[in-house]
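Worksheet for the structure shown next.
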Amino acid sequence: MRRRDFITLLGGVAVACPQAARAQQPTMPVIGFLHPGSPEANAKFVAGFRKGLGESGYVEGRNVAIEFRWAHGDSGRLPELAADLIRRPVTVIVTLGSIAAALAAKAATTTIPIVFGAGADPVQAGLVVSLNRPGGNVTGVSSMNSGLGAKQLGLLHQLLHRDARFAVLVNPGNPQIQSVITDVQVAAAAMGQQLEILTAATKHDISPAFSDAVQKRTDALLISADPLFTNRPVQLATLAARHAMPTVYALREFAEGGGLMSYGSNFTDLFRQAGTYTGRVLKGEKPADLPILQATKFELIVNLQTAEALGLDVPPTLLALADEVIE
């Protein structure tokens, strides 16, 4: 072989080797993250999701990518956003904070794995066949917050320690709305207390709902665990303070931000658990074989500063039940 031909051959090998190496590198998996709210209101929860991913060995930008799709409070956009993720395409779809988002994803695909995180009963909502063996392409985590209305109403009654007129704020567009209303109505009847049902279907309906509560001489308000409300802690806390309305919420972030009281599961941990489940799916486990994780611990947070501003004397028995008291 002539020297010139030998050098040319070596050069061809040198060029071909990097190309071959690049061709053999595995494609980075992509997580499609579908949420009914906004990134600003959910930064803490997304951090929890990333933490769960990290516990499973996945770090965004290093060995996994995340495509975010936010509905910014307009649940009507969820089917369109889910379809957009499928066209991307993505390896797995994660829907946190909303049964509606999970249902939109499930309606859009029967093959791409879906990991959800929501407060409603996933079996009752039609997401999965059973909690232990979900079947299909869906699994996830349930905070169980949607079923805590009766307990939250009882805590409000214990706080006021007198006969009172209560109200519950619900989103009529929530597919689980009737079970939420029935639970609190039964609880109010058992306590011999009056209960008003207030509705808000959009963010523009929330302020009028508070005004309606005042007109009906409501003594205390329960905010149901709906994405429309959980994504608006500042607006709700401001309205409750403006109308001097004792209010209980599902998420601890509300009490930490100036709300009177919260009772529910830890939403940040819910997102973390969804992150670990997403990691397991990325490693090849089938959603059908991963049982639905359910929250087992619920936290009571009481904000004494807000209670004092409202002129409320929190009973020692209620303080003794609190997991955290903000002073």
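The values are calculated or read from the model by the stated rules, or taken from the named source; none is laboratory data. It should be emphasised that the depicted structure is a prediction, and the values quoted were computed from it without experimental measurement. Note that we place each Cβ from the backbone using ideal geometry, even for glycine, and neighbour counts take in every protein chain shown. Ligands, DNA and RNA are stripped out before the accessible areas are found, and what is left, the full protein with its side chains, is counted by its heavy atoms. Shrake-Rupley method; radii C 1.70, N 1.55, O 1.52, S 1.80 Å.
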What order do you get for 104-113, 27-36 when each peptide is scored by the mean count of other beta carbon atoms within 10 Å, highest first? 27-36, 104-113
Quick one: helix 78-87 against the long Cα principal axis of the chain, what's the angle to the nearest 10°, folded into 0 to 90? 10
With the other protein chains left in place, how much accessible area per residue, in square angstrom, belongs to the stretch 128-242 at a 1.4 angstrom probe? 43
Kindly give the semi-axes, whole Å and largest first, of the ellipsoid equivalent to the stretch 39-93, taking each as the square root of 5 times a Cα gyration tensor eigenvalue. 22, 16, 7
Only helical DSSP H runs with n ≥ 4 go in: add -39500 (n - 2.57) per run for the chain, normalise by residue count and round the 222 nm mean residue ellipticity to 500 deg cm²/dmol. -13000 deg cm²/dmol
Distance in Å, no decimals, from the C-alpha centre of the stretch 206-237 to the one of the stretch 82-100 is 30
Going 7 Å from the Cα of residue 107 along its beta-carbon direction, which residues of the stretch 49-76 have the amide nitrogen within less than 13 Å of the resulting point? 75-76
Suppose R0 equals 41 Å; then what is the FRET efficiency for residue 297 and residue 211 from their Cβ-Cβ distance, rounded to the nearest 0.05? 0.70
Find the relative contact order for the chain and round it to a whole percent, using C-alpha pairs within less than 8 Å whose residues are 6+ positions apart. 20
Can you tally the net charge around residue 301? Count Lys and Arg as +1, Asp and Glu as -1, for every other residue whose Cβ sits under 11 Å from the Cβ of residue 301. -4
Against the rule of thumb 2.2 N^0.38 Å, how large the Cα Rg of the stretch 22-135 comes out: 1.08
Cα-Cα pairs in the stretch 203-250 separated by more than 12 Å, as a whole percent of all pairs, come to 60
Per its Cα gyration tensor (rounded if a/c is under 1.5, else prolate when a/b beats b/c, else oblate), the stretch 132-236 is best filed as oblate
If you count, for each residue, the other Cβ atoms within 10 Å and average over each peptide, how do 288-294, 164-170, 52-58 line up from highest to lowest? 164-170, 52-58, 288-294
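Once you sort the root eigenvalues of the Cα gyration tensor of the stretch 95-183 as a ≥ b ≥ c, which label holds: rounded (a/c under 1.5), prolate (a/b larger than b/c) or oblate (the other case)? All intermediate terms of the calculation are to be shown ahead of the outcome.
Values: a/c = 3.33, a/b = 2.56, b/c = 1.30.
Here the stretch 95-183 falls in the prolate category.
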Scoring only Lys, Arg, Asp and Glu (+1, +1, -1, -1) among other residues with Cβ under 13 Å from the Cβ of residue 262 yields -3
Under 15 Å from a point placed 7 Å out from the Cα of residue 163 along the Cα-to-Cβ direction: which residues of the stretch 192-225 have their backbone N that close? 192-195, 219
Return, for the Cα atoms of the chain, the radius of gyration and Dmax in Å, separated by a comma. 24.3, 103
In the neighbourhood of residue 66 defined by beta carbon distances under 12 Å, the net charge of the other residues (Lys, Arg +1; Asp, Glu -1) is +2
To the nearest 0.05, the calculated FRET efficiency linking residue 80 and residue 312 through their beta-carbon distance, R0 being 51 Å, is 0.70
Calculate one ³J(HN,Hα) per residue across the stretch 48-56 by plugging θ = phi - 60° into the Karplus curve 6.51 cos²θ - 1.76 cosθ + 1.60, and present them in order as whole Hz with x for glycine and proline. x, 4, 4, 5, x, 4, x, 5, 8
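On the protein heavy atoms, probe 1.4 angstrom, tell me the percent of accessible surface of the stretch 114-271 carried by carbon and sulfur. Numbers along the way, then the final one.
On the way: 3030 of 5890 Å².
It is 51 percent, rounded to a whole number.
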Sort largest first and round to whole Å: the equivalent ellipsoid semi-axes of the stretch 276-327, each the square root of five times a Cα gyration tensor eigenvalue. 42, 12, 7
